[in-house]
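The structure appears right after this line, and notes come after that.
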Amino acid sequence: KELFGEDAERIWSGEMLAVEARNAQVQDTIVMLNESTDTSIDEKLHMYRDILRETYEGSPEEYILEQNELLSKVFFSMDSVQEELKQMSPEQRQAEIDRIRGEMGFTGNQIESMARRDADNQRRWDIGLEYMEERGRIVREFQGHEQEERLKALRERYFLDEAGTIELEEKDGFFRFERPRIYGRN
């Protein structure tokens, strides 16, 4: 706009429309895959990768194809993918996540590093869910000052140095272990 003024939109409108059309095509496919219950994770992954390649190869947005982290986050965020991953044993699930990451272009070292992060996340979720169970019991059985003291002790037992952060979150009505578990992401 600095160079061409008001004519910039007219000059570049074709390209802007093409970008919008490409993005809409990808979004439509993601919505379809997100809702798909009759295709396997592998089929979803291939359709996802195919639409990305078909849409962005040779386009000004081709750099998107190199954004493995972002593209895998989008894939793992699909409800239909999460439903399939939830049905697997922890070992099967991690093997599938590792395989998907490999097909998304991550190196062996990156996959190993992410698998370690996944294991840490799983431990945190296990601890968090156990905490929430005990927290619920305390909230049901105690009130007032005694409830607060017991909750404080419980947070310190489960979260050590993070207990204060968890307390602040809870005071704001945010319970991190009530939000959705997204395998491959959190």
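The values are calculated or read from the model by the stated rules, or taken from the named source; none is laboratory data. What you see is a predicted model, and the numbers here were worked out from it, not measured in a lab. Note: ideal-geometry Cβ built from the backbone for every residue, glycine included; neighbour counts use all protein chains shown. Just the protein is used for accessible areas: all its heavy atoms, side chains included, with ligands, DNA and RNA removed. Shrake-Rupley method; radii C 1.70, N 1.55, O 1.52, S 1.80 Å.
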Here the gain from full extension of Gln122 to Arg185, 0.36 nm per residue of separation minus their alpha-carbon distance, amounts to 21.6 nm
Sulfur and carbon atoms: percent of accessible area, the chain [1.4 Å]: 50 percent
Which of the aspartates and glutamates could a cross-linker bridge to Lys152, judged by Cα under 16 Å and excluding same-chain residues fewer than eight apart? Glu130, Glu133, Glu134, Glu141, Asp161, Glu162, Glu167, Glu169, Glu170, Asp172
Tell me, what ³J(HN,Hα) does each residue in the range 46-56 have, in order and in whole Hz, if you take phi through Karplus 6.51 cos²θ - 1.76 cosθ + 1.60 with θ = phi - 60° and put x for Gly and Pro? 5, 5, 4, 5, 4, 5, 5, 5, 4, 7, 9
Solvent exposure ordering (accessible area, 1.4 Å, most first) of His145, His46: His145, His46
³J(HN,Hα), Karplus 6.51/-1.76/1.60, whole Hz, each residue of the range 127-133, x for Gly, Pro: 5, x, 5, 5, 4, 4, 5
Relative contact order in percent for the chain (Cα pairs under 8 Å, 6+ apart) equals 20 percent
Can you give the accessible area of Glu169, probe radius 1.4 Å, in Å² rounded to 10? 40 Å²
How big is the charge dipole of the chain about its Cα centre, in debye rounded to the nearest 20, if each Lys and Arg gets +1 on its Cβ and each Asp and Glu gets -1 on its Cβ? 640 debye
Which whole-number value in Å² is the accessible area per residue of the range 57-186, probe 1.4 Å? 62 Å²
Report, in degrees rounded to the nearest 10, the 0 to 90 angle that the Cα long axis of helix 7-35 makes with the longest principal axis of the chain. 50 degrees
Potential lengthening between Asn23 and Ser40 on full extension [0.36 nm per residue; Cα-Cα distance subtracted]: 3.7 nm
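With charges set only on the Cβ (+1 for Lys and Arg, -1 for Asp and Glu), what does the dipole of the range 98-185 come to about its Cα centre, in debye to the nearest 20?
The dipole of the range 98-185 has a size of about 320 debye.
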Which aspartates and glutamates, if any, have their Cα less than 17 Å from the Cα of Lys44, not counting same-chain residues under 8 positions apart? Asp28, Glu35, Glu54, Asp79, Glu83, Glu84, Glu96, Asp98, Glu103
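Ala115 to Glu91: extension gain in nm, 0.36 nm per residue of separation minus the Cα-Cα distance?
Roughly 7.5 nm would be gained on extension.
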Descending semi-axes in whole angstrom, ellipsoid equivalent of the chain, from the Cα gyration tensor: 42, 23, 15
